[in-house]
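The values are calculated or read from the model by the stated rules, or taken from the named source; none is laboratory data. Since we're looking at a predicted model, the values are computed, not measured. We place every Cβ from the backbone using ideal geometry, glycine too, and count neighbours over all the protein chains shown.
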Amino acid sequence: MIALDVGGYMGKYIKIFAEMGCDDIYCFEPLYYKECEHVSKQLQNNTVNIHLYESVLYDDGEYKITIDTDSSSVFGDVSNKPHKNTTGISLKNFCSKKNLNHFDYIKINCEGSEYKLLQDTHDLDITFEEIFVQFHETLMKDETFSERDRILNLFKKMDIIFMDTKDFHKMILSGVP
């Protein structure tokens with residue numbers, strides 16, 4: 001099984017996906033990379049291959065990420081705020097380089113980039129068994145709400161159900177998967 005973790009934060013889902021039996025876990029986390037690396041080293045004796053990327057999965061290019069206690073994002077205003085420079089890779093180029101077109105699990109918690117990644121997943125015909133998305137509407141501009149609705153309707157036509165990552169974590173803790 002293969003998992004894609006976009007916004008690995010402190011590495012919690014690396015551990016969850018490993019416990020669920022994933023053989024390969026691809027994790028993107030530009031700010032808390034060291035924490036993800038620590039979790040990865042704890043799982044070294046397992047048969048799981050953990051691939052960590054200290055970058056964003058969005059578009060190819062250079063980005064400035066705001067560093068905030070609540071949410072850090074490539075969409076934040078970096079003037080007069082702490083930020084980190086990082087690189088990005090598009091989902092298309094990442095999947096092409098890794099020869100991937102299917103994931104068993106996708107978890108997206110990327111502070112505003114989720115709608116573009118969902119659109120890219122659809123456009124690239126990437127298949128998956130389950131997808132978990134935390135939506136960040138407080139980072140959205142007014143025009144983005146119609147884009148959100150368009151993308152969510154696109155996935156509804158495909159009989160895909162969205163579950164917030166917080167609900168997914170509760171489900172995992174109760175032993176439901």
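Conditions (1) of a type in the set (S, T, N, Q); (2) assigned to a helix (DSSP H, G or I), marked per residue:
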site	(1), (2)
Cys27	no, no
His38	no, yes
Leu52	no, no
Ile65	no, no
Ser73	yes, no
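All of (1) within 24 Å of His122 (Cβ to Cβ); (2) of a type in the set (A, V, I, L, M); (3) not in a strand (DSSP E or B) hold for Leu4 with one exception: (3). Only a single criterion out of (1) more than 19 Å from Asp120 (Cβ to Cβ); (2) assigned to a helix (DSSP H, G or I); (3) in contact with a Leu (Cβ under 8 Å, 6 or more places away or on another chain) is not satisfied by Ile16, namely (3). Of the residues making up segment 98-107, those that are farther than 28 Å from Ile67 by Cβ and either free of Cβ contacts under 8 Å to residues at least 40 places away in the same chain or among the hydrophobic types (A, V, I, L, M, F, W, C) (or both) are Asn99, Leu100, Asn101, Phe103.
Which ones in segment 106-128 are touching a helix residue (DSSP H, G or I) at 6+ places or on another chain (Cβ under 6 Å), of a type outside the set (D, E, K, R) and in a strand (DSSP E or B)? Passing the criteria: only Ile108.
So that you can scan it fast, the table gives a plain yes or no per residue for (1) crowded, with 24+ Cβ neighbours inside 10 Å; (2) closer than 16 Å to Cys110 by Cα; (3) in contact with a strand residue (DSSP E or B) (Cβ under 6 Å, 6 or more places away or on another chain):
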residue	(1), (2), (3)
Ala3	yes, yes, yes
Met10	no, yes, no
Tyr13	yes, yes, yes
Cys27	yes, yes, yes
Tyr32	no, yes, no
Leu43	no, no, no
Thr47	no, no, no
Glu54	no, yes, no
Tyr58	no, yes, yes
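The condition of being modelled with pLDDT under 90, out of contact with any helix residue (DSSP H, G or I) (no Cβ under 8 Å at 6 or more places or on another chain) and not hydroxyl-bearing (Ser, Thr, Tyr) holds for only one of Lys12, Lys34, that being Lys34.
The requirement of being under 15 Å from the mean Cα position of the chain (by Cα) and assigned to a strand (DSSP E or B) is not satisfied by Phe94. Against the condition assigned to a loop (DSSP other than H, G, I, E, B) and surrounded by 21 or more Cβ atoms within 10 Å (Cβ to Cβ), how does Cys22 come out, does it pass? Here the answer is yes, as Cys22 does meet what is asked.
Inspect segment 39-61 for any residue being among the aliphatic types (A, V, I, L, M), modelled with pLDDT of 85 or more, over 19 Å from Lys116 (Cα atoms) and touching a Lys or Arg at 6+ places or on another chain (Cβ under 7 Å) and give the result as yes or no. Within segment 39-61 (the criterion being among the aliphatic types (A, V, I, L, M), modelled with pLDDT of 85 or more, over 19 Å from Lys116 (Cα atoms) and touching a Lys or Arg at 6+ places or on another chain (Cβ under 7 Å)), the answer is yes, since at least one residue qualifies.
Restricting attention to segment 79-136, and to residues there that are surrounded by 15 or more Cβ atoms within 10 Å (Cβ to Cβ) and among the small types (Gly, Ala, Ser), which single residue is modelled with the lowest pLDDT? Taking the candidates together, the pick is Gly112.
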